[in-house]
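A.B. asks: The structure is given below, and queries will be raised subsequently.
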Amino acid sequence: MAEIYKFFNSSPGDPRKYFASDFADYFSSVLSAGLLLDENEEYGLQVTHNGGLQTVISPGKALIKGYSYENTTPLVLTHDLPEMTYDRIDRVVLRLDLRNQHRYIKLFVKTGEASENPVPPELQRDEFIYELSLAQVRLRANTASIDPADITDERALEDVCGIVQSLITVPTSVFQQQFDVWFNNRKEVYETQMENWKNEQQTDFVAWVQSLQEVLDENTAGNLLNLINQNKNEITQVKQELASHSADTVKHITAAERAVWNEAQAKVNDLEILYWMGAI
């Protein structure tokens, strides 16, 4: 067992030395591999067609296993000629190579194999090499140019590339346990309160329905229907009387006659509503 701590300044008689891998280990423990967003909340390293068998990769930044990368200007890559018979799928990859003779992160074309049903080459991810796929590029058989529609952007796919994310997570399981304990302690109280409320509402509703039944018994319903018919007859009679008057007389209808008309019409409207609602 050993205690590991970093990073601290050196002092006389107590030098503190660190390797690049120490910093990379730290960053890789808190940040995932992927592309970094810029100040405009956009990520670069987009692969587009550059004419012929060339693709161009836009400026952008990335982080792979704690090691940083930045492409500051558009970078052009050239793909091998396709075969005469079958299509091929290449991948444009960003490759971290930790081997001593390399020690870099660079863009490459990873050439696939021509086939009747071609598939993109697998990404290499081991102790020394780690690749991110920016795009798939299909090379059509017996052609000398890439169709822009044959470039498939893979930057947003987390399994092959993705965006850098924090690996520090909120301990939601602890919050859930605390909530469960609190809820179980209050569950019985809430269930009792809810049951009492439901019973009160049901009792009030039943009482209201019974009160309607007592008011609107068969005799009451019959009387209301008779009133409706009676008022209909009165309104019909008033209409006939008004129709018999001349136009001039209608214009000067008395206030009393208009009041009788309005009252009769209001009664009919109210009673008809009750009737058609099934209340009577």
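The values are calculated or read from the model by the stated rules, or taken from the named source; none is laboratory data. Nothing here was measured: the structure is a model prediction, and the numbers come from that model. As a convention, Cβ positions derive from the backbone with ideal geometry for all residues, glycine included, and neighbour counts pool all protein chains shown. For the accessible areas, the whole protein counts, side chains as well, though only heavy atoms, and no ligand, DNA or RNA atoms are used. Shrake-Rupley method; radii C 1.70, N 1.55, O 1.52, S 1.80 Å.
A.B. asks: Go through the stretch 111-123 residue by residue and turn each phi into a ³J(HN,Hα) via Karplus (6.51, -1.76, 1.60, θ = phi - 60°); whole Hz please, and just put x for glycine and proline.
C.D. replies: Values per residue, Gly and Pro as x: 6, x, 10, 5, 6, 4, 10, x, 10, x, x, 6, 7 Hz.
A.B. asks: Something else about it: Please give the FRET efficiency for residue 5 paired with residue 124, using the beta carbon to beta carbon distance and R0 = 41 Å, rounded to the nearest 0.05. Walk me through the numbers before you get to the answer.
C.D. replies: On the way: r = 33 Å, r/R0 = 0.82.
Efficiency at R0 = 41 Å is approximately 0.75.
A.B. asks: Give a residue-ordered list of calculated ³J(HN,Hα) values for the stretch 148-154 (Karplus: 6.51 cos²θ - 1.76 cosθ + 1.60, θ = phi - 60°; whole Hz; x for Gly, Pro).
C.D. replies: x, 5, 8, 9, 10, 5, 10
A.B. asks: Among 180-193, 48-61, what's the highest-first ranking by average C-beta atoms within 10 angstrom per residue? Mind showing how you got there, number by number?
C.D. replies: Details: 180-193: 10.0, 48-61: 16.6.
The densest-packed peptide leads the list: 48-61, 180-193.
A.B. asks: Could you quote the convex hull projected area for the stretch 9-88, Cα atoms only and averaged over all directions, in nm²?
C.D. replies: Values: hull surface 36.5 nm².
Orientation-averaged projected area of the Cα hull: 9.1 nm².
A.B. asks: Could you report the accessible area of residue 150 in Å², rounded to 10, computed with a 1.4 Å probe on the protein chains as they sit in the structure?
C.D. replies: 20 Å²
A.B. asks: Give me the distance in nm between label points sitting 7 Å out from Cα along the Cα-to-Cβ direction at residue 182 and residue 21, one decimal.
C.D. replies: Result: 4.7 nm between the two label points.
A.B. asks: Residue 112's amide H: which non-local residues (gap 5+, or another chain) put their own amide H closer than 5 Å, with H modeled 1.01 Å from N in plane and none for Pro or chain starts?
C.D. replies: The list, which skips near neighbours in sequence, is 89, 90, 91.
A.B. asks: Right, next: Using θ = phi - 60° and the Karplus form 6.51 cos²θ - 1.76 cosθ + 1.60, what ³J(HN,Hα) does each residue of the stretch 124-137 get, whole Hz, x for Gly and Pro?
C.D. replies: 9, 9, 9, 4, 10, 10, 9, 10, 10, 9, 8, 6, 9, 10
A.B. asks: What's the magnitude of the charge dipole for the stretch 44-178 around its Cα centre, counting Lys and Arg as +1 and Asp and Glu as -1 at the beta-carbon? Answer in Debye, nearest 20.
C.D. replies: Numbers: 13 positive and 18 negative charges, 108 e Å.
About 520 debye.
A.B. asks: For the stretch 61-211, what Kirkwood radius comes out of the mean inverse Cα-Cα distance, in Å? Please report the intermediate quantities before stating the final value.
C.D. replies: Details: mean 1/r = 0.0480 Å⁻¹.
Taking every pair of different Cα atoms in the stretch 61-211, averaging 1/r and inverting gives 20.8 Å.
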